[in-house]
Amino acid sequence: MGVEIAINVTPQETRVAVLDKKVVTEFYVERARGKDFVGNVYKGKVVKVLPGMQAAFIDIGLERAAFIHASDLSAGTEPGDILVDGDEDEKESDTLRPRRQTVRPIEELLEKGQEIVVQISKGPIGTKGPRVTSYCSLPGRFLVLMPTVDHVGVSRRIADDDERDRLREVIKRVREPGYGYIVRTVSEGVSEEDLKTDVGFLTAMWRDIVKKQDVHPAPVALHADLSLTLRVVRDLFTKNVKRLLIDSKEEYDAVKAFVRRYLPGQTSHIFHYHKEEGLFDHLGIEMELSRALTRKVWLKSGGHIVIDHTEAMTVIDVNTGRYVGKRDQEETILKNNLEAAREIAYQVKLRGIGGLITIDFIDMARSRNRDKVYNALADAMAEDKARTRISRISDLGLVEISRERVREDLLRALSDVCPECDGRGYTKSAATVVYDIFRELRRIGRPAGPQTVAIGAHAQVVDLLRDVEHDGLAQLERDYQCRILVHADPLLSLEQYDIVLWGDGAETPDRTARATPEA
């Protein structure tokens, strides 16, 4: 079937899945109440400069202040100081990431209250605000405009050297002086007139941003990127895509108009899906997304991988599970690791996992087998659009991957921290909570005069107090000469409990104790 793009649109959210041979390879989601800000341009105000971190915080009008590092500042940079990732060409993505070779101290470049134009390069992740850069870039259909960098690059995914040279010469003829451009992969075979049109469109967009900058005080949004649907069409709807399905008539019409303007030859590949069965259900995407949120992923052979997220990194453990092989142990382990390497690469890309990833493969005695697994992992990750670095397999079977993180991964985007365990993945046992209650009663000590103690707790804890731990409760009643009542409270989690003391005949409690899970 080739490559397909499925777009599911509702008033609350838009979801996009890219399928290759009916296998989901990429997934994006944008919600009305949590829009993606990556690519938006703002005029912000510096609220704090941190010389010790060579960074600053900038108020751009969002809930949390944005973070900028000195290396992301273009202000005051001499032309010879600018480097561009990927040397002369675009490497893994359609945007270059300029950086500065030598940086003046940030306290010489920024001061509190200063206004500056920045673009979000990484969206808010967890409790962190967005990361911004003053090297703005505006993507079009065929080109990416970089108004702060005088550079022309061509996508390395265009393999034909003659075509690369042609495109570079065309851009040098039609470019705006002093502006930088990246020729995107979809530009292969595109006419000079189309490229010139893209240059004019992007130049007008940037000049509009500059005009707004001069008129509006900070903080203010100067430019918002396209909606998720149109961004996907702009960036992913190439000649390799055999079919694009949209289940919203309104979005279908908008996409048709967009494609008719930029790539008229592709309009016949766009289809409106109007069947009663949901689009994602029809294509089997819902089931794949549910699998992408699970901790354990089974392999076809019977082995499995376990994916755990921590504050510092993502840890992936490889296990043989039910797979026992046919010959010797080393061959069994090798086959399991090879299958796991391919599945890990797939899950990392599908889930959008970024940052530091540590993989614990099953130990292999032979170095050539470790090389086979490493090569399989590197080959599987080769098509990843995110910048990725992979270390060789250590003697302990560990591999470290550093993967560019621009947006929240699928787990963070579609789920919340468990309120029961506060994200730990486990809770105290009912028995432990019972003994916590006993200790709390001993801390309260012998009441002054006859009193009744009321304990509210989770049903499992109450069952233990009334059954297995009844003798302990009775002993406390004798020791402290009080009456203890227990009742199940459906509003309390397993780790929570209430202890309330009443004096004889009193209508209000004399003392209250409450325990909640630790943060």
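Details
- Every condition in (1) in a helix (DSSP H, G or I); (2) in contact with a Lys or Arg (Cβ under 6 Å, 6 or more places away or on another chain) is met by E251 except one, and the failing one is (2).
- Among the candidates L476, L492, residue that is touching a Cys at 6+ places or on another chain (Cβ under 9 Å), outside the structural domain of R387 (by TED's automatic domain parsing) and surrounded by 14 or more Cβ atoms within 10 Å (Cβ to Cβ): L476
- Leading residue by the ranking (modelled with the highest pLDDT) among those in the stretch 1-27 that are in contact with a Gly (Cβ under 8 Å, 6 or more places away or on another chain) and closer than 17 Å to L414 by Cβ: N8
- Scope the stretch 283-321; condition among the hydroxyl-bearing types (S, T, Y) and surrounded by fewer than 16 Cβ atoms within 10 Å (Cβ to Cβ); matching residues: S290, T294, T310
- Any chance G200 is on the phi > 0 side of the Ramachandran plot, not polar (S, T, N, Q) and not assigned by TED's automatic domain parsing to the domain that holds I7: no
- Of the set (1) within 30 Å of F280 (Cβ to Cβ); (2) touching a strand residue (DSSP E or B) at 6+ places or on another chain (Cβ under 9 Å); (3) modelled with pLDDT of 85 or more, all apply to T95 but (3).
- Annotation: A431 fulfils all but one of (1) buried (at least 16 other Cβ atoms within 10 Å of the Cβ); (2) modelled with pLDDT of 85 or more; the unmet one is (1).
- Meets criteria (surrounded by 20 or more Cβ atoms within 10 Å (Cβ to Cβ) and either not in a strand (DSSP E or B) or not assigned by TED's automatic domain parsing to the domain that holds F271 (or both)) for G61: no
- Given (1) touching a Cys at 6+ places or on another chain (Cβ under 7 Å); (2) part of a strand (DSSP E or B); (3) not acidic (D, E), index of the condition V399 fails: (1)
The values are calculated or read from the model by the stated rules, or taken from the named source; none is laboratory data. Worth saying up front: this structure is predicted, and the values here are computed from it rather than measured. Cβ sites come from the backbone with ideal geometry, for glycine too, and all protein chains shown count toward neighbours.
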